[in-house]
């Protein structure tokens, strides 16, 4: 019975590659061997631009840059009490943070079925961070200047032609600060899978950014997939607009 569990999970799932004969919501961080994928994510709290080159079906190398805009200290009692703990929570005031990373991606495990896949991916990044002075008084903010930074991460994705589930976490670790981007996403395709044309998906994402902001957001999203191109548009529960796209060369 335990040996059958991974096959049952994979039967629910897929994360498609471009070699597959049918399209998917493209949860994969890598595509087919030799391909290069570029992407941009626009977010009021954490924006990114990146590219990744697939050395083979299991390993990829790339570069990414991340921008965390400056945030004034919150005047709310809850945030003030949180700031007094001396931790690295958000909403306490911080300067603009810019990260530049050399990234490595590794597929740890894949479960294949004729029309479904499940994957576990490991991320590792190393690079530099530049912090501008925080606007106004800031308790717990990272000191201004430049620092080395490490960025581990993990993704688990499960997808069929009509359903998608993904859990993803990424950390930005530097002396004196820790930033985290944690998401859990569930989606359903609005049309049957087809290789030509656009396949729209409706998704619901739960998003938390410890060390960046104290808020946890629920984000309804529309995802449009067309062979090499993926476009995401969403509105967070705080009213923020989020979007992104990726393209595989």
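Quick note: the coordinates plus some simple rules give every number you see, no bench work behind them. All values reported here derive from a predicted model rather than from experimental measurement. Glycine gets a Cβ as well: all are built from the backbone with ideal geometry, and neighbour counts include every protein chain shown.
Each label point is 7 Å from the Cα along the Cα-to-Cβ direction; what then is the distance between the points at residue 133 and residue 110, in nm?
Rounded to a tenth, the inter-label distance reads 5.1 nm.
Given points 7 Å out from each Cα along the Cα-Cβ axis, report the residue 33 to residue 146 separation in nanometres with one decimal.
3.8
Give the distance, in whole Å, between the Cα centre of region 100-131 and the Cα centre of region 159-234.
15
What whole-number value in cubic angstrom gives the convex hull volume per residue for the C-alpha atoms of region 162-249?
Spread over its residues, the Cα hull of region 162-249 gives 99 Å³ apiece.
How far apart, in nm, are the 7 Å Cα→Cβ label points at residue 63 and residue 178?
It works out to 3.0 nm between the two label points.
Please compute the length gained on full extension between residue 196 and residue 235, using 0.36 nm multiplied by the number of residues separating them and subtracting their Cα-Cα distance.
11.2 nm
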